[in-house]
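Worksheet: one structure, shown below.
Just so it is clear, none of the values below were taken in a lab; they were calculated from the coordinates. The shown structure was predicted, so the numbers you read here are calculated from the model rather than taken from an experiment. Cβ sites come from the backbone with ideal geometry, for glycine too, and all protein chains shown count toward neighbours.
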Amino acid sequence: MRAARLQSFIEARRTRGLLGLDQAPDTLEEAFAISAGMIKALGQEIGGWKVGYAPDGTPVASPMYASGFLKSGDAWTMKADRPMIPEIEIAVRLARDLPANPARPYTRADIEDAASDYLIGVELIERRIPMKGAPFAMNLADDLGNVGYVIGPATHDYRALDLSNLRCQFWINGELSVDRRGGHPAGDPLKPMIDWANAQQDHLGGLRAGQVVTLGSLTPLVIMPGPGALEAEIEGIGRITVTIR
């Protein structure tokens, strides 16, 4: 990892600044190292993880800073020079660690056994990299654009939920923007977490008790060019609100 490149990412994260394409890392491994280097250099704590996949199907995850966690009803101030991208997601809160390199591959039952509850969340994405033309490794080094996460109501009765077929509704300024069942790119929202648990390579200690793991958007891409009031509900879990100002 190039020290100057890491420093550029640290500065962009610290100031909510922008990066050029010339700062793109060359590999996913370098991207993981940059992400880990940023959180350590900034003295931040890990509140949770955002899981997903690289374009070739490799499981990936980025840390979500504890300082960026909000609760339902809170407000977030967006940057005037770029749009805000909100995503409505199901998240898992861990009751115990899921260490890397397990003796046998983690299963869905293992993830369920390790969870304390499932919750509704609104991920706040504010890309510090170009919206177009950035390679995936740059997006991963940028923590997949994560800048904040709003935690809503939770359920302990998560085993009864059909995660692949839950109704998700999303309102922007009181107008219904999304109303559909399912919608997760992987079909089963828990699949990215299962796959990442078996492939952890984050340089930050992996999945730990108390952390929140967000599973990916149930809603299509929504780009907010300006402030607004957001409200969402996931069937069987709860309703959440946040104001973007």
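ARG104 fulfils the conditions (1) among the basic types (Lys, Arg); (2) surrounded by 14 or more Cβ atoms within 10 Å (Cβ to Cβ); (3) in a loop (DSSP other than H, G, I, E, B) except for a single criterion, (2). Listed conditions (1) surrounded by 13 or more Cβ atoms within 10 Å (Cβ to Cβ); (2) under 26 Å from ARG181 (Cβ atoms) are all met by PRO99, apart from (2). Just one residue in the set SER62, SER72 is touching a residue at least 40 places away in the same chain (Cβ under 8 Å) and touching a helix residue (DSSP H, G or I) at 6+ places or on another chain (Cβ under 9 Å); that residue is SER62. Applying the selection to region 11-54, what residues are of a type in the set (A, V, I, L, M), in a helix (DSSP H, G or I) and either touching a strand residue (DSSP E or B) at 6+ places or on another chain (Cβ under 8 Å) or buried (at least 17 other Cβ atoms within 10 Å of the Cβ) (or both)? Answer for region 11-54, where residues must be of a type in the set (A, V, I, L, M), in a helix (DSSP H, G or I) and either touching a strand residue (DSSP E or B) at 6+ places or on another chain (Cβ under 8 Å) or buried (at least 17 other Cβ atoms within 10 Å of the Cβ) (or both): ALA12, LEU28, ALA31, ALA33, ILE34, ALA36, MET38, ILE39.
Checking each residue in region 90-105 for being under 15 Å from GLN211 (Cβ atoms) and of a type outside the set (A, V, I, L, M) picks out ARG93, ARG96, ASP97, PRO99. Filtering region 111-148 to residues that are surrounded by 16 or more Cβ atoms within 10 Å (Cβ to Cβ), assigned to a helix (DSSP H, G or I) and not small (Gly, Ala, Ser) leaves ILE111, PHE136, MET138, ASN139, LEU140, ASP143, LEU144. In region 225-239, the residue that is nearest to GLY152 (Cα to Cα) out of those that are crowded, with 17+ Cβ neighbours inside 10 Å and touching a Pro at 6+ places or on another chain (Cβ under 7 Å) is ILE237. Are there any pairs, at least 6 apart or on different chains, whose C-beta atoms fall under 6 Å, with the first in region 177-188 and under 20 Å from GLU233 (Cβ atoms) and the second of a type in the set (D, E, K, R), and if so, which? Pairs that qualify, where the first residue is under 20 Å from GLU233 (Cβ atoms) and the partner is of a type in the set (D, E, K, R), are ARG181/ARG167. Could you count how many residues in region 198-245 are farther than 21 Å from GLY187 by Cα and among the acidic types (Asp, Glu)? Looking only at that region, the number is 2. Residues in region 68-75: is at least one closer than 22 Å to HIS203 by Cα and under 17 Å from the mean Cα position of the chain (by Cα)? There is at least one residue in region 68-75 that is closer than 22 Å to HIS203 by Cα and under 17 Å from the mean Cα position of the chain (by Cα).
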